[in-house]
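Colleague: The structure under discussion is supplied below as structure tokens; questions concerning it will follow.
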Amino acid sequence: MLRREMLMGLAAVGLAACSTASDRPIGPDGLPLPTAYIIRSGDEAAVQFRMLDSVNALRQTAGVQPVELDARLNAAAATHARDMAVQNRPWLFGSDGSSPVDRARRVGFPGRLLGENISESFESELQTLGAWMAQPDTRAVILDPDARYLGFSWYQEESAKLWWVMNMGSDPRTRQPIAGFGS
């Protein structure tokens, strides 16, 4: 009797493992189709800290110091993400002709802007970070040994398209700002 109950239990577990708990449609390859990555109101801090933790894990592996979030660089990133969406193109210059350095100056960042990474996608922040790490130029921005501050933000359209911006900046106490910066 016990053997029979065990066999029935194993069969039930096996059948449960075969069922899908997802209502996601299946593609021609038999795999679930991707779903849109939606950032809900109130999740902003979680997304930023998930990116910060991931960047710092990558930096630790590379043997460079961690970075911390900087509100001014976050503001510059948010402004540019929105502007890229308005322009409907991912590029480093603002609709007003501003460069990443100009935007860092506008928000009062006292250090040197070391680089800016941008992306237009439907992917999560961690998938975007993975794509940036796969490219030598954007990887160099993330792993810059002079970086001490991270600015990270995005703009999400109603279609779920995301415009991501990451800024890396130096500590003004250890690295002189760009000539004319802050004067």
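The values are calculated or read from the model by the stated rules, or taken from the named source; none is laboratory data. Treat the numbers as computed from the prediction; the structure is a model and nothing was measured. Reconstructed Cβ throughout: ideal geometry from the backbone, glycine too, with neighbour counts over all protein chains shown. For the accessible areas, the whole protein counts, side chains as well, though only heavy atoms, and no ligand, DNA or RNA atoms are used. Shrake-Rupley method; radii C 1.70, N 1.55, O 1.52, S 1.80 Å.
Colleague: Return the carbon/sulfur percentage of the accessible area of segment 37-183, one whole number, probe 1.4 Å, all protein chains in place. It would help to have the intermediate numbers written out before the result.
Modeller: Numbers: 3740 of 7300 Å².
Summing carbon and sulfur atoms, their accessible area is 51 percent of the total for segment 37-183.
Colleague: Taking just the C-alpha trace of segment 124-177, give me its Rg and Dmax in Å.
Modeller: Looking at segment 124-177, its Cα Rg and Dmax stand at 13.3, 43 Å.
Colleague: What list of whole percents do you get for P(r) of segment 85-183, with Cα-Cα distances grouped in 5 Å bins up to the one holding the largest distance?
Modeller: Taking every Cα pair in segment 85-183, the percentages come to 2, 13, 22, 23, 19, 13, 6, 2, 0.
Colleague: Report the label-to-label distance for Ala131 and Ser54 in nanometres (one decimal), using points 7 Å from each Cα along the Cα→Cβ vector.
Modeller: 1.2
Colleague: Multiply the residue gap between Leu69 and Phe93 by 0.36 nm, knock off their C-alpha separation, and tell me the result in nm, one decimal place.
Modeller: Values: separation 24, 0.36 × 24 = 8.64 nm, distance 2.25 nm.
Length difference between fully extended and current span is 6.4 nm.
Colleague: With a 10 Å radius around each residue's Cβ, average the other Cβ atoms per peptide and rank 124-132, 162-170, 148-156, highest first.
Modeller: 162-170, 148-156, 124-132
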